[in-house]
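Single-structure report; data block below.
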Amino acid sequence: MVDTIRLAARDITFGYVPTTPILADWSANFHAGEVVAITGPSGRGKSTLLYVLGLMLKPTAGQVQIDGTDAAHRRDADRAGLRAHQYGFVFQDAALDATRTVLDNIIETTLYRGTPRKPTIRRAHELMDQFGVALRAGAKPGQVSGGQAQRIALCRALLNDPQILLADEPTGNLDPASSDLVVDSLHAQAHRGAAVIVVTHDPALVARCDRRLEL
Ligand code: ADP
């Protein structure tokens, strides 16, 4: 499985201002079955790289290949479809919709994929149990802690059974026991064939990744 390149960056260049590229001719392969840490100083462009790899920002040059085919320059609707079907995202700020319950936040993208509601809700409850946030299912995101929000975002990402899982500081607000649970789940998703990419400053998380790329 680890020989399969799930996601590849090919000579990616990106800058918010074209004259000052944050990424220049950047290339990397991410294999099915591995958890890769992206590290580097603050402001270097790690989150930006995740947005490019996650098809939310278009590189000015270069390709983001999924299973060997460029996805970065496809139509908006195609990229949205790929994000919904292939990706799971855990953003630094959890990016939960404040107007909807925790459960609705978790199931929304999966329902968008067309997965039936009942098994989706059952699986969402299993994940919430696993990550210790089941009691928060009916709460609004404004009523949960930062650490809970992160785990809720992880439940949402895993519910999609993503082939590509991108996480930005997923253990940032967590105690060691919850961090271990999160890292275990990243590896479990990799074992299911996903390429897992984690931006982190957490030495304990880096130590448990299969590989580290320094930006
Ligand atoms: P890191 O994740 O390594 O801390 P970021 O990717 O967040 O780095 O940011 C890289 C650089 O891009 C920083 O200088 C940051 O200020 C800048 N930046 C981030 N987001 C934007 C944006 N939306 N518009 C303009 N500049 C941005």
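The values are calculated or read from the model by the stated rules, or taken from the named source; none is laboratory data. It should be emphasised that the depicted structure is a prediction, and the values quoted were computed from it without experimental measurement. Every residue, glycine as well, gets a Cβ built from its backbone with ideal geometry; the counts of neighbours run over all protein chains shown. The protein model used for the area step is the full one, side chains on, heavy atoms only, and it has no ligands, DNA or RNA in it. Shrake-Rupley method; radii C 1.70, N 1.55, O 1.52, S 1.80 Å.
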Subject >> Residues within the stretch 202-215 that are open to solvent by 10 Å² or more (accessible area, probe 1.4 Å) and in contact (Cβ under 8 Å) with a residue 40 or more places away in the chain, tallied >> reply: 9
Original post:
In the stretch 193-215, what residues are over 22 Å from Asp3 (Cα atoms) and among the charged types (D, E, K, R)?
Top reply: Asp202
**OP:** Determine if the stretch 194-201 includes at least one residue that is surrounded by 15 or more Cβ atoms within 10 Å (Cβ to Cβ) and either farther than 23 Å from Ala9 by Cα or among the charged types (D, E, K, R) (or both).
**Re:** no
Original post:
Looking at Gly62, Gly15, which one is touching a Ser or Thr at 6+ places or on another chain (Cβ under 9 Å) and more than 16 Å from the ligand (Cβ to nearest atom)?
Top reply: Gly62
Original post:
Which condition number in (1) touching a Phe, Trp or Tyr at 6+ places or on another chain (Cβ under 6 Å); (2) among the β-branched types (Val, Ile, Thr); (3) within 16 Å of the ligand (Cβ to nearest atom) is the one that Ile164 fails?
Top reply: (3)
Original post:
Just one of Ala77, Ala28, Ala72 is away from the ligand (no atom under 13 Å from the Cβ), under 20 Å from Arg113 (Cβ atoms) and either open to solvent by less than 80 Å² (accessible area, probe 1.4 Å) or assigned to a helix (DSSP H, G or I) (or both); which is it?
Top reply: Ala77
Original post:
Is it true that some residue in the stretch 165-176 is without any contact (Cβ under 8 Å) to a residue 60 or more places away in the chain, closer than 18 Å to Ala37 by Cβ and either of a type in the set (Val, Ile, Thr) or part of a helix (DSSP H, G or I) (or both)?
Top reply: yes
